[in-house]
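Structure first, commentary second.
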C-alpha cells in the first residue's frame, strides 16, 4: 500500500495497454467521421442519405468504404476502448490504500463526467466520456470479484440490449414505431445539414436534444448495459493477464484465429441478411444489427491478440512506438479529433457537413491519423503526459504532477 498516491511514471507503463489504446483511439475515428460529416441517421441506415444528396451515394467506391468500415471498425474499436477503461479501473485502484482509493476514483471520474458534458453539449453529441464516467461510478464496486465472475456478469449485461432489441422487433407495431427514426423525411435530413453548416449557436438546436436523448433514454436502454458489461469484461481480461501480454504466444494465436473467423463470419452474415431484406426498418434495426453486435466482441478479441503479438515481436519499433504515443495521450487525442473534425465539417469552420463523400471522409481520417501520430510522438519527447491527461491527474490527486520529462528539463536547465 502507498500513503502518497501519484500518477504512474512513464517508465512503469504497460506497453501492450498503451499500444492497444492508441490503436483503438485511431480506429474510433473511422466510424465517428461519419457522424461528424453526415446526418446522424446514416450511422445505422447508410442508405437513407443517398436518396437525398449525391454526397451520400451508397454505391461503388463509397459503398466499399462503408462495407470495410462496418466490418473492421463499427463497434469494434469502441469495444476495445471500453474494455480498456474497465482494465484501467483495476490498474488505477490496485496498490492504493482502501481508505482513499474510492475518493480518488470519484474525483477522477467526476472530472471525466464534467469534461464529457462539456464535450457533448458544446462540441459534439457523440461523446463517450459521460457514459464512461457514469458506468465507472458503478462498476468500481465489483473490482475485487474473481475474473470468471466479472466475465460472466459482464456478458449477461452485454446481452440485455440485444434481448430488448429482439423483443421489441417481435412486438406488434414495431415497424411503425421506428419508421421515422430509421428513414427520416428528406426535409428533416436537410434541416440537420443546414443546422450544422450554420454557426455554433444554431447547432445547439440539434446538438443539445440529441445529446440529452442519448444520455437519458439511450443510456438506460442500451449504453449502460453494454458499457458496464464490457468494463467488467475488461477487468477480467486484465486480471487474467490478457491485456498485459502475460499469456502464452499460442493463446494469443488461438484468440486471433478464433476471433477473426467467428467475428468475420457473423458480421458478414449480418451484411447479407440486411441487404437481403433491402434495409427494411424492422428487420435491419432489431435483427440485422445483432450479427455485428456480437461479432464485434469476437473481432475485438482478435484485435487484442494481434496487438499483443505485435508488441511481443516488435516492441520498441516504429509502429508500436507511434501507437503507444497516441495511447498515452488518448484523452487529449480524443478531444483533438472532435476539434479538428468539427472545424472541418461544421459551420463555425469550413462548413463541409453533408457535402463530403465516404471516400473523401476516409482520406480525411488518414490525414488526421498522420497528424495525431506525429504530434503525439513529438509531444512526448518533451512532456510526460498529454495536456488533458495532465489536468486529469492534477484534479485527481489534488496537486500538479511534473509535466516536462526529465530529458527535456535537463536540456533546458529546468
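The values are calculated or read from the model by the stated rules, or taken from the named source; none is laboratory data. Values in this document were obtained by computation on a predicted structure and should not be read as measured data. We place every Cβ from the backbone using ideal geometry, glycine too, and count neighbours over all the protein chains shown.
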Query raised in the report: If you check residue 394 against the conditions, is it out of contact with any strand residue (DSSP E or B) (no Cβ under 9 Å at 6 or more places or on another chain), modelled with pLDDT of 95 or more, more than 30 Å from residue 58 (Cβ to Cβ) and surrounded by 15 or more Cβ atoms within 10 Å (Cβ to Cβ)?
Result: yes
Report task. Determine, yes or no, whether residue 268 is touching a residue at least 60 places away in the same chain (Cβ under 8 Å), surrounded by fewer than 17 Cβ atoms within 10 Å (Cβ to Cβ) and under 23 Å from residue 27 (Cα atoms). Result -> yes
Query - Cβ-Cβ under 6 Å pairs, at least 6 apart or on other chains, the stretch 21-38 side within 16 Å of residue 349 (Cβ to Cβ), far side part of a helix (DSSP H, G or I) and at pLDDT 95 or above - result: 33/361; 33/365; 36/341; 36/345; 37/345; 37/361
Report task. From 314, 238, 291, grab the single residue that is touching a residue at least 40 places away in the same chain (Cβ under 8 Å) and touching a helix residue (DSSP H, G or I) at 6+ places or on another chain (Cβ under 8 Å). Result -> 238
Query - Which listed residue is under 26 Å from residue 156 (Cα atoms) and loosely packed, with under 15 Cβ neighbours inside 10 Å, from 201, 261 - result: 261
Report summary line: Checked the stretch 385-408 for anything part of a helix (DSSP H, G or I) and farther than 23 Å from residue 22 by Cα; matches are 395, 397, 406, 407, 408
Query - Number of the condition not met by residue 89 [criteria: (1) under 26 Å from residue 345 (Cα atoms); (2) surrounded by 19 or more Cβ atoms within 10 Å (Cβ to Cβ); (3) at pLDDT 95 or above] - result: (1)
Query raised in the report: Are any residues in the stretch 53-95 without any contact (Cβ under 8 Å) to a residue 24 or more places away in the chain and within 16 Å of residue 26 (Cα to Cα), and if so, which ones?
Result: 68
Query raised in the report: Based on what the data block shows, is residue 301 modelled with pLDDT of 95 or more and out of contact with any strand residue (DSSP E or B) (no Cβ under 9 Å at 6 or more places or on another chain)?
Result: yes
Query raised in the report: So which pairs qualify, if the first residue must be in the stretch 360-386 and farther than 21 Å from residue 65 by Cβ, the second must be in a loop (DSSP other than H, G, I, E, B) and modelled with pLDDT under 95, the Cβ gap must be under 7 Å, and the two must be at least 6 apart or on different chains?
Result: 382/405; 383/403; 383/405; 384/402; 384/403; 384/405; 385/403
Query raised in the report: What helices (runs of 4 or more DSSP H) completely inside the stretch 169-257 contain at least 3 residues that are within 25 Å of residue 350 (Cβ to Cβ)?
Result: 186-196, 200-215
Report summary line: Inside the stretch 107-122, the number of residues satisfying the requirement of being within 17 Å of residue 348 (Cβ to Cβ) and over 17 Å from the mean Cα position of the chain (by Cα) is 3
Report summary line: Within the stretch 153-187, the count of residues that are over 27 Å from the mean Cα position of the chain (by Cα) and either surrounded by 14 or more Cβ atoms within 10 Å (Cβ to Cβ) or within 21 Å of residue 119 (Cβ to Cβ) (or both) comes to 3
